[in-house]
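Shown next, in structure tokens, is the structure this report addresses.
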Amino acid sequence: MKPLQDIVIVDFSQFLSGPSASLRLADMGAQVIKIEKPGMGDIGRYLYVSDVVIEGESTIFHTINRNKQSYAVDLKEEAGLQRIKQLLAKADVMLHNFRPGVMSRLGLDYETVKAINPQIVYAEISGYGEEGPWKGLPGQDLLVQSLSGLAWLSNNSTQGPTPMGVSVVDILAGTQIAQGILAALYQRTVTGEGALVQVSMMESALDYQFEVLTCYYNDGGQLPVRSEVNGGHAYLGAPYGIYQTGEGFLALAMGNILQLGQLLECQPLADFANPAEWFTRRDEIKKLLASHLLTQTADYWMSILEPADIWCARVMDYDALLQQEGYQTLDMELQVKTSNGLTVKTTRCPIHMDGGLLTSDKGAPLLGEHNLQIEKQFGLV
């Protein structure tokens, strides 16, 4: 039995942040009922992130909505709204990621739903919270990365702001709302009462930067300064960064510059005997390293550094990663199948419980696929 086997989640969320949260809860055994608009459904069905289309829908939809049920209903029709309220009366969790005010206009705000079901955990993700001048802005990942300062932490100081190449804020907000839901479900077992759980993407992005923001808060407001070359972390000294070699790229984390110079036979590094200089003169050190590392391949340097317990790694693309025994041992690939019989390969839940994996072979649902099943299960009229 999976840990959330008896939990029913009514999920109104779309695209990425909310659906990523309900995906993880579905992996843990919850019954996730995805509420969608008839005819179109979740915008994620058609908002493509690549040119790979599966059954006429986006890959992201199939990735993030596997192992869920779809219930198509028009919330602007009274009959549909009443069926949803009947469903919420028997649910454990309600989740949405609409802008502030949308659920109130639909008649499904927290106070209304709480009156229907005092034990429900009502969870919502917004872009910027319920108050302030930003509350009505679109909660889109790139925009939040840009506003939050996150884009100024990557790349070199000679380059402009650089966003991360994945929807990191969406996934962070989804992870944090899932944590809040689990905590509220536990609290309910003690008090018998539900809770309102709220997470904004902006707060998630700021929390994600707690390390560097804490430095900024306590350093007289000094902005983080990225390295001129081989940037990796604004607050870490040399050798931290990624370096091109004669063949391939090499990542170097924290390390002793003198030891590194000896192992690499890079004599100029011996001039940096003061550890404080490994930060204050990091660009000089990195330029020396960058030039020296070009003289041999990444494999050659790894054969020297790894046995000496230097924190280093090859920089691999997906083609190289999938060939590695370490990747294959993790068994991260998951095959799911839609009701149409189409098989989709994606990634599995990374959580291990009692030595086992939380897996399911159920693919993403067709729009409204489970209407009759859900209406029968919950007695919706």
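What to note about this one:
- Selection of helices (runs of 4 or more DSSP H) fully inside segment 270-381 by the criterion of at least 3 residues being touching a residue at least 60 places away in the same chain (Cβ under 8 Å) returns 371-378.
- At least 3 residues being touching a helix residue (DSSP H, G or I) at 6+ places or on another chain (Cβ under 6 Å) is the threshold, and among the helices (runs of 4 or more DSSP H) wholly inside segment 155-250 those reaching it are 168-191, 201-208.
- Residue-level analysis places Tyr110 among those that are touching a strand residue (DSSP E or B) at 6+ places or on another chain (Cβ under 8 Å), farther than 28 Å from Val336 by Cα and either in the same structural domain as Ser20 (by TED's automatic domain parsing) or modelled with pLDDT of 95 or more (or both).
- Tally, over segment 105-119, of residues that are touching a residue at least 12 places away in the same chain (Cβ under 8 Å) and in a loop (DSSP other than H, G, I, E, B): 5
- Residues located in segment 360-381, provided they are at pLDDT 95 or above and surrounded by fewer than 14 Cβ atoms within 10 Å (Cβ to Cβ): Asp361, Leu372, Gln373, Lys376, Gly379
- Some residue of segment 19-28 being in contact (Cβ under 8 Å) with a residue 40 or more places away in the chain and among the charged types (D, E, K, R): yes
- Within the set Asp309, Asp319, the sole residue that is on the phi > 0 side of the Ramachandran plot and loosely packed, with under 12 Cβ neighbours inside 10 Å turns out to be Asp309.
- Val32 vs. criteria within 26 Å of Pro100 (Cα to Cα), in contact with a strand residue (DSSP E or B) (Cβ under 6 Å, 6 or more places away or on another chain) and surrounded by fewer than 22 Cβ atoms within 10 Å (Cβ to Cβ): no
- Whether a residue is in the same structural domain as Glu130 (by TED's automatic domain parsing), over 30 Å from Arg314 (Cβ atoms) and surrounded by 17 or more Cβ atoms within 10 Å (Cβ to Cβ) was assessed, and Ala178 passes this test.
- Flag for Ala184 being buried (at least 16 other Cβ atoms within 10 Å of the Cβ), small (Gly, Ala, Ser) and farther than 17 Å from Leu95 by Cα: no
- The residue list Leu172, Leu153, Leu196, Leu206 contains one member that is in contact with a Phe, Trp or Tyr (Cβ under 9 Å, 6 or more places away or on another chain), more than 21 Å from Asp27 (Cα to Cα) and of a type outside the set (Val, Ile, Thr), which is Leu196.
- Selected residue [outside any helix (DSSP H, G or I), over 18 Å from Asp11 (Cβ atoms) and in contact (Cβ under 8 Å) with a residue 40 or more places away in the chain] from Tyr128, Tyr122, Tyr71: Tyr128
- Taken over segment 330-358, the criterion of being surrounded by fewer than 14 Cβ atoms within 10 Å (Cβ to Cβ), among the polar types (S, T, N, Q) and within 22 Å of Ala21 (Cβ to Cβ) is satisfied by Thr347 alone.
- Going through (1) modelled with pLDDT under 95; (2) surrounded by 13 or more Cβ atoms within 10 Å (Cβ to Cβ) one by one, Arg314 falls short only on (1).
- Top-ranked residue in segment 1-49 [being of a type in the set (A, V, I, L, M) and in a helix (DSSP H, G or I); ranked as nearest to Gly368 (Cα to Cα)]: Ile43
The values are calculated or read from the model by the stated rules, or taken from the named source; none is laboratory data. This is a predicted model, so every value here is computed, not measured. Note: ideal-geometry Cβ built from the backbone for every residue, glycine included; neighbour counts use all protein chains shown.
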